[in-house]
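Student: Below are the structure tokens for one structure; questions will follow.
The values are calculated or read from the model by the stated rules, or taken from the named source; none is laboratory data. Fair warning: this is a prediction, and the values are worked out from it, not measured in the lab. Here the Cβ is made from the backbone with ideal geometry for all residues, glycine too, and neighbour counts use every protein chain on show.
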């Protein structure tokens, strides 16, 4: 059983993940940053797919199909990996992005920062297109009910 918190950079995923981690019996797995190559992101996705009992602060089988299309060269995850993730029926929380500057992380590269700056609106739109068919619930830091989302996660873990 896994919970995945997903959304664009700067949406509040990590803050939400840290809060939920205090209330569920899952191990928090923080994101590892932008893909370094197609081979690296495929290996990372396979490693994540083998994990169970996790609270993922981003999952490459969700984020890479969105971000990868904007990279040069584009990166991709095999469709069978993506299908395997969804067949496992994780609780997927889509954190709707707030407009505003991206909070830099230690692993952010110059290339990733440039990708974000030049494609921010398109990345947010891609997540908005993805969410209705895949996310279990949508959460907004500005208007979301933190207690309700925490209770949902606790119930999922029972």
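Student: Somewhere in the stretch 68-91, is a residue within 29 Å of residue 142 (Cβ to Cβ), under 11 Å from the mean Cα position of the chain (by Cα) and outside any helix (DSSP H, G or I)?
Tutor: no
Student: Mind checking whether some residue in the stretch 102-116 is modelled with pLDDT of 85 or more and either assigned to a helix (DSSP H, G or I) or under 12 Å from the mean Cα position of the chain (by Cα) (or both)?
Tutor: The answer is no, given that none of the residues of the stretch 102-116 is modelled with pLDDT of 85 or more and either assigned to a helix (DSSP H, G or I) or under 12 Å from the mean Cα position of the chain (by Cα) (or both).
Student: I've got another one for you. In the stretch 49-64, how many residues are free of Cβ contacts under 8 Å to residues at least 60 places away in the same chain, assigned to a helix (DSSP H, G or I) and under 12 Å from the mean Cα position of the chain (by Cα)?
Tutor: Residues that pass the stated criteria total 4.
Student: To continue, here is another question. Right, residue 79: surrounded by fewer than 14 Cβ atoms within 10 Å (Cβ to Cβ) and more than 30 Å from residue 148 (Cβ to Cβ) or not? Before the answer, list the steps.
Tutor: On the way: surrounded by fewer than 14 Cβ atoms within 10 Å (Cβ to Cβ): yes; more than 30 Å from residue 148 (Cβ to Cβ): yes.
Answer is yes for this residue.
Student: Given the structure, is residue 48 crowded, with 16+ Cβ neighbours inside 10 Å and either closer than 17 Å to residue 131 by Cα or out of contact with any helix residue (DSSP H, G or I) (no Cβ under 7 Å at 6 or more places or on another chain) (or both)?
Tutor: Judged against the criteria, residue 48 is not a match.
Student: While we're on this one: Quick one: in the stretch 26-42, which of the residues that are more than 15 Å from the chain's Cα centre (by Cα) and farther than 30 Å from residue 154 by Cα is surrounded by the most Cβ atoms within 10 Å (Cβ to Cβ)? First the steps, then the outcome.
Tutor: Residues of the stretch 26-42 that are more than 15 Å from the chain's Cα centre (by Cα), as a first pass: 26-27, 36-40, 42.
From what is left, the residues that are farther than 30 Å from residue 154 by Cα are 36-40, 42.
On the way: 36: 14, 37: 11, 38: 16, 39: 10, 40: 14, 42: 18.
Going through the qualifying residues, I end up with 42.
Residues are listed down the side, and each one gets a yes or a no for (1) under 18 Å from residue 91 (Cα atoms); (2) touching a helix residue (DSSP H, G or I) at 6+ places or on another chain (Cβ under 8 Å):
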position	(1), (2)
16	yes, yes
25	yes, no
34	no, yes
41	no, yes
59	yes, yes
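Student: To continue, here is another question. May I ask you to verify whether residue 9 is within 21 Å of residue 127 (Cα to Cα) and without any contact (Cβ under 8 Å) to a residue 12 or more places away in the chain?
Tutor: Here the answer is no, as residue 9 does not meet what is asked.
Student: Could you run through the stretch 4-25 and say how many residues are surrounded by fewer than 23 Cβ atoms within 10 Å (Cβ to Cβ) and part of a strand (DSSP E or B)?
Tutor: Residues that pass the stated criteria total 0.
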